[in-house]
Amino acid sequence: MAAHPPEPPPDHAVPVDVARPPGAARPPGAGRPSTPGAARRRRAPLLVAATVTTLWAAVVSYLPVAAVLWLLRSAEGASSVPDAARVGLAAWLLGHGVPLGTSTGPLGLAPLLLSVLAAWRIYRAGVHTTRAIGARRSGSPGHTAAVALAVGLVYGAAGAAAGLVAGTTAAAADPTRAGIGLAVFGAVGALLGAARTTGVDARLRARVPVPLRHAGRTGLVAALLVLAAGAGAVGLSVAVSGGDAADTIGVYRAGVAGQAGITLLSLAYAPNAAMWATSYLLGPGFALGTGTAVRTSEVTLGSLPAVPLFAGLPGGPSGGLSAALLALPVLAGMTAGWVLTRRWPAVGVDDTAGPGEPVGWFTLLGTALLSGPVAGVILGAGAAASGGPLGAGRLAEVGPVAWQVAAVAGAVVGVGAAIGAGAARAVAAPPADPVAAGGPRRQPPRQRRGAPRISRRRAAGRPG
């Protein structure tokens, strides 16, 4: 009897990989469509992805503002949700640096906590948009720029629409200025997120000389440490004056909902107060109205609004234990310089030192000094963002002077970082030589059994 040929497998049968042993992991990409058309179908269009991620970022940063405004208006007896939503849009624009026009004058003091939340969400919008279009780890500057442009356009359109809606309230915003401001805000934030996701930022960092990279990192660390010192000073002042802050909240007689709204509003401006305290510790101080000054050597204040954060203001020139707080910026710079020396090892991992050769004193101290201007620019930008007018009257000048903060911070941090880096290098023990110290000589590694033996003469490079 003739043998019948084997029947072909059905169309739905899954081919068995005979080369892969049972229980082994499936190779990456196995069983997935690998054609260019299938990969293209998995990617979302750029405009669709940017619209979805950007509008979601706007909603997430807007809802907390609307909730706080609803609590405040409910304490006044006007708990209409549409009114709270429109006022919330105006406050949301204020958090992006868009000034509002009121009956008492321009309102330009942005709550920095809302600004940080909006910046974080728009950064994440850039990340998610880059992933949605399939440009993750592509290293493409074109994709990075396209994502930033698309997110900026969508965010600018949302800002213009919010300006139109908020224009019907007592605090109006210019729709054109709102659209341009939020377009720039969204483009910059999305550019950072897209560059991080595509890997473009890593390529750019690789082109920067190593000393400059260390200087930038050290300046950022020092600026954050100085800002943390300012935030700690604010928290300590408010804690010491907790009774006055509670009395200030009780003055409003707004009930539980109103007091919760006032507390949340104070928290929204807590980063502003931290920046003002940082300027106070550095020396330039800040103003709370025309003709006022809050410095370590002078405190001149007028009538202030009943705000719980103002309960922690100093009552006069610093002295005694409070004067010791003025050394915190210098200590922050020294700490950053110390970390610079520890993070920059003495085994050549840069362009200025070879293997086993320590980084020179000139390079180390020069890098530490360069970190000062970096910290100055960061703190100066924070000082500029933390101030703004509270009307056209006496409170038209509120906050520190940005260039003064930048200049003093650059000098203080640069000198402190140089001192810290030099001290860390001076106390660092040089690599010990075990033979010179009388220790045992390092033995060569033992050869494996069966390996060909190499004589000492051949290993040293001498003819056998």
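Some values worked out for this structure:
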item	result
Residue in the stretch 137-146 that is of a type in the set (Ser, Thr, Tyr) and part of a helix (DSSP H, G or I) present	yes
From Gly230, Gly167, residue being without any contact (Cβ under 8 Å) to a residue 12 or more places away in the chain and within 22 Å of Leu109 (Cα to Cα)	Gly167
Subset of the stretch 243-254 [part of a helix (DSSP H, G or I), open to solvent by less than 40 Å² (accessible area, probe 1.4 Å) and in contact (Cβ under 8 Å) with a residue 24 or more places away in the chain]	Ala245, Thr248, Ile249
Selection status of Leu153, closer than 22 Å to Glu397 by Cα, open to solvent by 40 Å² or more (accessible area, probe 1.4 Å), assigned to a helix (DSSP H, G or I) and at pLDDT 95 or above	no
Residue in the stretch 199-222 that is open to solvent by 60 Å² or more (accessible area, probe 1.4 Å), under 25 Å from Ala91 (Cβ atoms) and not basic (Lys, Arg) present	no
When residues of the stretch 166-178 are limited to those that are farther than 20 Å from Gly152 by Cα and β-branched (Val, Ile, Thr), the one surrounded by the most Cβ atoms within 10 Å (Cβ to Cβ)	Thr169
Selection within the stretch 262-317 - small (Gly, Ala, Ser), under 21 Å from Val226 (Cβ atoms), crowded, with 19+ Cβ neighbours inside 10 Å and free of Cβ contacts under 8 Å to residues at least 60 places away in the same chain	Ala273, Ala274, Ala277
Verdict on Val294 being β-branched (Val, Ile, Thr), under 22 Å from Gly380 (Cβ atoms) and touching a Gly at 6+ places or on another chain (Cβ under 7 Å)	yes
Test: Arg203 is in contact (Cβ under 8 Å) with a residue 60 or more places away in the chain, of a type in the set (Lys, Arg) and assigned to a helix (DSSP H, G or I)	yes
Subset of the stretch 261-292 (residues that are part of a helix (DSSP H, G or I) and in contact with a Lys or Arg (Cβ under 8 Å, 6 or more places away or on another chain))	Tyr280
Top-ranked residue in the stretch 179-198 [being within 30 Å of Leu282 (Cα to Cα) and crowded, with 19+ Cβ neighbours inside 10 Å; ranked as farthest from the chain's Cα centre (by Cα)]	Phe185
Residue ranges of helices (runs of 4 or more DSSP H) in the stretch 30-123 with at least 2 members over 20 Å from Gly261 (Cα atoms) and at pLDDT 80 or above	46-75
The listed residue being of a type outside the set (D, E, K, R) and more than 23 Å from Ala187 (Cβ to Cβ), out of Val151, Val68, Val116	Val68
The stretch 397-409, residues that are of a type outside the set (Val, Ile, Thr) and either within 13 Å of Ala336 (Cα to Cα) or touching a residue at least 40 places away in the same chain (Cβ under 8 Å) (or both)	Glu397, Gly399, Pro400, Gln404, Ala409
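The values are calculated or read from the model by the stated rules, or taken from the named source; none is laboratory data. Note that the structure is predicted; figures quoted are calculated from it, not measured. Here the Cβ is made from the backbone with ideal geometry for all residues, glycine too, and neighbour counts use every protein chain on show. Note: areas computed on protein heavy atoms with side chains; ligands, DNA, RNA excluded. Shrake-Rupley method; radii C 1.70, N 1.55, O 1.52, S 1.80 Å.
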